[in-house]
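Chemist: The following block contains the structure, expressed as structure tokens.
The values are calculated or read from the model by the stated rules, or taken from the named source; none is laboratory data. What you are looking at is a predicted structure, and each value in this text was computed from that prediction instead of being measured. All Cβ positions, glycine included, derive from the backbone under ideal geometry; neighbour counts span all protein chains shown. Keep in mind that these areas ignore ligands, DNA and RNA; they rest on the heavy atoms of the full protein, side chains included. Shrake-Rupley method; radii C 1.70, N 1.55, O 1.52, S 1.80 Å.
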Amino acid sequence: RMERAVRVHANFVEYVPLILLLLLLAELNGLPGWALHVAGAVLVASRLLHAWGLSRHSARSFGRFYGTLGTWLVLLGLALALLGNVAAG
């Protein structure tokens, strides 16, 4: 059980700081406020879902899958938005 708790924390530390940096860069580059709020809300929901799923089961679970998917979609969406902003201007 302790190993799973450590893994939940480690997974959080692997992704969230980078996404927070991308959110900061997106805000500084003029991404609309609503988009930042959506990205932040999806990130929080995804991380909670992932932590819930991983803390209950060490194998595949609904929470782990959709929590990871949501985290990666936020990461990809912010990266693409920033790249689009750089390319546009």
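Chemist: From the set of residues in region 58-72 that are among the hydroxyl-bearing types (S, T, Y) and surrounded by 13 or more Cβ atoms within 10 Å (Cβ to Cβ), which is modelled with the lowest pLDDT?
Modeler: S61
Residue by residue, here is whether (1) closer than 29 Å to R1 by Cα; (2) of a type outside the set (A, V, I, L, M) holds:
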site	(1), (2)
L20	yes, no
E27	no, yes
L31	no, no
L36	no, no
V42	yes, no
A45	yes, no
A51	yes, no
A59	yes, no
G63	yes, yes
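Chemist: Give me the pairs, please: first residue somewhere in region 1-18 and without any contact (Cβ under 8 Å) to a residue 24 or more places away in the chain, second residue anywhere and of a type in the set (F, W, Y) and open to solvent by 70 Å² or more (accessible area, probe 1.4 Å), beta-carbon distance under 8 Å, and either six or more positions apart or on two chains.
Modeler: none
Chemist: Identify all residues within region 30-43 that are surrounded by fewer than 13 Cβ atoms within 10 Å (Cβ to Cβ) and either of a type outside the set (F, W, Y) or in contact (Cβ under 8 Å) with a residue 40 or more places away in the chain (or both); write none if there are none.
Modeler: Hits for region 30-43 are G30, P32, G33, H37, A41.
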